[in-house]
Amino acid sequence: MSQQLEASIVLEGVGGQGTLIAGKLLGILAMKLGLDVKVSEVHGMSQRGGSVITYVKIAPEVHSPIIEEGTADYILSFEEVEAVRWAGLLKKGGVMIINKQQIKSLPVLMGQMQYPENIVEALRSNADPEAKIVEIDALSLAMETGTSKTVNIVMLGALSNYLGVDEALWKEAIEEAFASKPKTIPGNLSAFEKGRANG
């Protein structure tokens, strides 16, 4: 089954938030749709706390995985400051989904820097008027499933409202992505539904 979907998606956050697994899951989804997909992971310091960005391009034919400035259809920001760092990638009329989580960097924890305030409001005021900025408390929704590890799936649930892909296919992709850890599948499906309902 081949579906007409073309999307440039940026997943960004900090190490330990599951952006890489989210990218893999989008790859599985694209293959289920009979589409070409390229996933490119750029690790800053991908250990817990360092910046991580994953590019995902889905189309009938994809030549390069890199997403240039101002060309991303969707940005999923797993952490607020990371949203600011990568906001320039969003195209006019694009959608940015921001997790309301703040992960303090070492300089902030040591009192050498201050964590910026009112990040989402600032992004909204600076964004293209046609862009959509969606704020979601993905961490709280993930904790309702019993673990913070499902934040990434909550975020994909929110994204699913915009891609026009059947919900059943998303769930099949989740089951496939976590097939090696079957006990985690029910929690991840629940996280997806919570994100979809709140995105």
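Each value in this text was obtained by applying a stated rule to the coordinates, not by laboratory testing. Here the structure is a predicted model, which is why all the values come from computation and not from measurement. Ideal geometry is used to build each Cβ from the backbone, glycine not excepted, and the neighbour counts take in all protein chains shown.
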Compute the distance in nm between two label points, each set 7 Å from the Cα along the Cα-to-Cβ direction, one at Glu117 and one at Ser148. 2.4 nm
Can you put Thr19, Thr184, Thr145, Thr71 in order of Cβ neighbours within 10 angstrom, beginning with the fewest? Thr71, Thr184, Thr145, Thr19
For segment 154-169, in order, what is each residue's ³J(HN,Hα) by Karplus, 6.51 cos²θ - 1.76 cosθ + 1.60 with θ = phi - 60°, in whole Hz (x at glycine and Pro)? 4, 5, 5, x, 5, 4, 4, 5, 10, 8, x, 9, 3, 4, 4, 5
Helix-only mean residue ellipticity at 222 nm for the chain, each DSSP H run of n ≥ 4 adding -39500 (n - 2.57), per residue, nearest 500: -11000 deg cm²/dmol
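Kirkwood Rh, Cα Rg: Rg to Rh for segment 54-93?
0.99
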Expected output is a single nm value to one decimal: the length gained when fully extending between Arg124 and Lys100, i.e. 0.36 nm times separation in residues minus the C-alpha distance. What is it? 7.2 nm
With the cut-off at 21 Å, report for the chain the share of all Cα pairs above it, as a whole percent. 49 percent
I want to check the label-to-label distance for Ser64 and Glu175. Put each point 7 Å from Cα in the C-beta direction and report it in nm to one decimal. 3.9 nm
Taking a cut-off of 14 Å between Cα atoms, list the aspartates and glutamates near Lys183, but don't count ones fewer than 8 places away on the same chain. Glu175
Could you compute the longest span of the chain free of GluC sites (Glu not before Pro) located in DSSP loops and having at most 14 other Cβ atoms within 10 Å, not counting the site residues? 145-199
Using the Cβ atoms and a cut-off under 14 Å, what net charge is assigned to the surroundings of Ala30, where Lys and Arg are +1 and Asp and Glu are -1? -3
All alpha-carbon distances of segment 126-183, grouped into 5 Å bins from 0, give the whole-percent distribution 4, 16, 20, 22, 20, 10, 5, 2, 1
